[in-house]
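Single-structure report; data block below.
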Amino acid sequence: MKVVRYIVLILSAVLFVSAGNAQVSNSDPRYTLYGGGNFPLGDYGNTLGSDAGFAEFGLGAMADGYKQINEILYWTTTMAITGNGFNEAGLQSALSELGVLGVNAENYLTAWALSGVEIRSTPSRNLQINGILQGGALLSRFPDITLSTGEGDVRQGTKMGTSLAIGLGGGLIYNSVNIGLRYYRGRPEYDQATSDGNSTSTATTKLPIEILQVVIGYQLK
């Protein structure tokens, strides 16, 4: 995405300039705990197309551990777990011409492990504005799906998938309360097996996961 590239370039330029002008700090690590909702973006939330993910709004939890490098730079490591519902009605509609009468699907579950740089500016004593650029890994559970047809059930099971991931974010920190947005993106590879009770077929596929998470957190003392 061009927008992501532009953000990365801008943050990288700011980091380069800031690193040369700020004083070094030896502060101890600190931690922030978050909760919030996440919105599926792009193909992840679509119900049309070969990469459609049928994902719905979900919830998540997250923890940041960060260490101050200098006056405005921090090294921040994030562990996040997000879940999204699966649009069963959307998949049934997409497959109705194939004789699918019903769909039963589990939920998405994803774990993100990311680390990178964070910039913080302090316009007032109790207020900070931050921006984060991170990279890391994604572990994803794709929903197991059962399709009901007039000739019996068809079941698709999927093993956990992994991929590289990127994360971008920003927000406001007032005293110890952090309100922000986090954008995560990855494209895990899954091994899938489909069975109709008589035979089983296997396949490997890559599907995108892209979410925007709205979070509120508390910075531990």
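The values are calculated or read from the model by the stated rules, or taken from the named source; none is laboratory data. Small disclaimer: the values here were computed from a predicted structure and weren't measured. Note: ideal-geometry Cβ built from the backbone for every residue, glycine included; neighbour counts use all protein chains shown. Ligands, DNA and RNA are excluded from the accessible area calculation, which covers all protein heavy atoms including side chains. Shrake-Rupley method; radii C 1.70, N 1.55, O 1.52, S 1.80 Å.
Using the Cα centre as the reference, give the magnitude of the dipole from point charges on the C-beta atoms of the chain (Lys, Arg: +1; Asp, Glu: -1; all else neutral), rounded to the nearest 20 debye.
Approximately 1100 debye in magnitude.
Could you give log10 I(q)/I(0) at q = 0.22, 0.27 Å⁻¹ for segment 129-199, computed by the Debye formula over C-alpha point scatterers of equal weight, without solvent?
Once normalised to I(0) and log-transformed, intensities are -0.92, -1.09.
Based on the Cβ-Cβ distance from ARG155 to THR122, what FRET efficiency comes out when R0 is 35 Å, to the nearest 0.05?
0.05
Straight-line reach from LYS159: which aspartates and glutamates fall under 14 Å, measuring Cα to Cα and dropping same-chain residues less than 8 apart?
In chain and number order, the partners are GLU106, ASP144, GLU189, ASP191.
Based on Cα coordinates alone, diagonalise the gyration tensor for segment 85-160, multiply each eigenvalue by 5, take square roots, and list the semi-axes in whole Å, largest first.
44, 15, 8
Between LEU59 and ILE179, what FRET efficiency follows from the Cβ-Cβ distance if R0 is 25 Å, with the result rounded to 0.05?
Computed FRET efficiency for LEU59 and ILE179: 0.90.
In terms of the ratio Rg/(2.2 N^0.38 Å) built on C-alpha atoms, what value belongs to segment 29-98?
Ratio of Cα Rg to 2.2 N^0.38 Å: 1.63.
With all protein chains present and a 1.4 Å probe, how do ILE211, ILE216, ILE69 order by accessible area, largest first?
Putting ILE211, ILE216, ILE69 in descending order of accessible area: ILE216, ILE69, ILE211.
Measuring with a 1.4 Å probe in the full set of protein chains, what accessible area per residue, in whole Å², belongs to the chain?
Solvent-accessible surface per residue comes out at 54 Å².
Which value results when the Cα radius of gyration for the chain is divided by 2.2 N^0.38 Å?
Here the Cα radius of gyration is 1.21 times the empirical estimate.
By how many degrees, between 0 and 90 and to the nearest 10, does the Cα long axis of helix 2-21 differ from the longest principal axis of the chain?
20
How big is D for segment 32-155, in µm² s⁻¹ as a whole number, if Stokes-Einstein is applied with the Kirkwood radius of its Cα pairs at 10 °C and 1.306 mPa s?
For the chosen part, D equals 93 µm²/s.
Whole-Hz ³J(HN,Hα) for each residue in segment 169-184, computed from phi via Karplus 6.51 cos²θ - 1.76 cosθ + 1.60 with θ = phi - 60°, x for glycine and proline: what do you get?
These are the phi-based 3J(HN,Hα) values: x, x, x, 10, 10, 10, 6, 10, 9, 10, 10, x, 10, 10, 10, 10 Hz.
If you wrap a convex hull around the Cα atoms of segment 102-221, how much volume per residue is inside, in Å³?
It comes to 108 Å³ per residue, whole-number rounded.
Leaving out ligands, DNA and RNA, and with a 1.4 Å probe, what % of the accessible surface on the chain is carbon or sulfur?
Accessible surface attributable to carbon and sulfur in the chain totals 59 percent.
Residue separation times 0.36 nm, minus the C-alpha to C-alpha distance between ASP144 and LEU220: what's the value?
23.6 nm
In whole Hz, with x marking every Gly and Pro, tabulate ³J(HN,Hα) for segment 140-146 from phi via Karplus 6.51 cos²θ - 1.76 cosθ + 1.60, θ = phi - 60°.
Here the 3J(HN,Hα) series is 10, 9, 7, x, 6, 10, 10 Hz.
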